[in-house]
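**Q** The structure under discussion is supplied below as structure tokens; questions concerning it will follow.
Values in this text are rule-based calculations from the coordinates and carry no lab data. On a predicted model such as this, the values are computed, not experimentally measured, just so you know. Cβ atoms come from the backbone with ideal geometry, glycine included; neighbour counts cover every protein chain shown.
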């Protein structure tokens, strides 16, 4: 397996962040498609990003095309975002990866509701587009349990859909076991995040990710807490062993969304992962 880092987690400009990723021994970086990387990049802009990363010996593990979950619940008002997601898939390939990750909201348990129908329709369209261009539309885990997500992905019947497995999200939000999730989602996993966390108390994840689309009161995010790798609810030795058991040889991409010194936390996370690998 390779070690990656979410380049925005360093909270530095792109060039400085690439250098910081190299210093921790990363093999690649994941990049949000909402800054220096975006859906409408010119060839010159793409060449510039590639040159910066090549100068540090880094590859792109994946792009993050996360434009909010509204497009999955109210697609009739978000055609521009759906088309942007498709353009991000094309940009990703020019940057050397075929993986674009995103959150889609919360897959409902009830398949006979408007939220499920709209999510299914948009995900099917994006998954089929990804397949048509040799890409992978990777849904990030966390808002729902792995078994619910697998059933939804199976129903899309598309080779273009896949999973970005975030073990911390499963622990913090869904209260699920990331080790078991690997076995459940093994046919879909193409990218993973290396992140850890704790669920302070249970909250209906629809109230965190998509309250307005389910007619619910929003909940406070203090129900979850992200912590440095090894300090949360992810059983890292068992999780790494599970990934190895399914033949996963992709990226463990470090993501640090909080903390006073993210660069130090990312460096410590890389060291932690290297010992396990």
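**Q** Could you tell me what percent of the DSSP beta bridges with both partners in the chain are antiparallel, to the nearest 5?
**A** Of all bridge pairs located within the chain, approximately 10 percent are antiparallel.
**Q** Taking only the alpha-carbon positions of region 2-276 and ignoring solvent, what does the Debye formula give for the base-10 log of I(q)/I(0) at q = 0.12 Å⁻¹?
**A** -0.71
**Q** R0 = 35 Å: FRET efficiency of residue 217 with residue 131, Cβ-based, nearest 0.05?
**A** Here the calculated transfer efficiency is 0.35.
**Q** I've got another one for you. Considering only C-alpha atoms, what is the centroid distance from region 29-89 to region 238-269, in Å?
**A** For region 29-89 versus region 238-269, the Cα centre distance is 22 Å.
**Q** Tell me, what is the percent relative contact order of the chain, built from C-alpha pairs under 8 Å that lie six or more residues apart?
**A** Relative CO of the chain lands at 19 percent.
**Q** Then there is this: Under 20 Å from a label point 7 Å along Cα→Cβ of residue 147: give me every residue in region 187-225 with its amide N that close.
**A** 187-189, 202-206
**Q** Take residue 159 and residue 113, extend 7 Å from each Cα along the Cα→Cβ direction, and tell me the distance between the two endpoints in nm.
**A** Simple spin-label model gives 3.4 nm for this pair.
**Q** If you don't mind, there's one more thing I want to ask. Can you give me the convex hull volume of the Cα atoms of region 23-89, divided per residue and expressed in Å³?
**A** 88
**Q** Among 69, 113, 78, whose mean-square fluctuation peaks in a Gaussian network model of the chain (Cα, cutoff 10 Å)?
**A** 113
**Q** Using Cα springs under 10 Å in a Gaussian network model of the chain, which residue among 130, 168, 211 shows the largest mean-square fluctuation?
**A** 211
**Q** List 236, 221 from most exposed to least, where exposure is judged by having the fewest other Cβ atoms within 10 Å.
**A** Least crowded to most crowded, the residues run 221, 236.
**Q** While we're looking at this one, here's another question. Residue 77 versus residue 207, label points 7 Å from Cα toward the beta carbon: distance in nm?
**A** Here the answer is 2.4 nm between the modelled labels.
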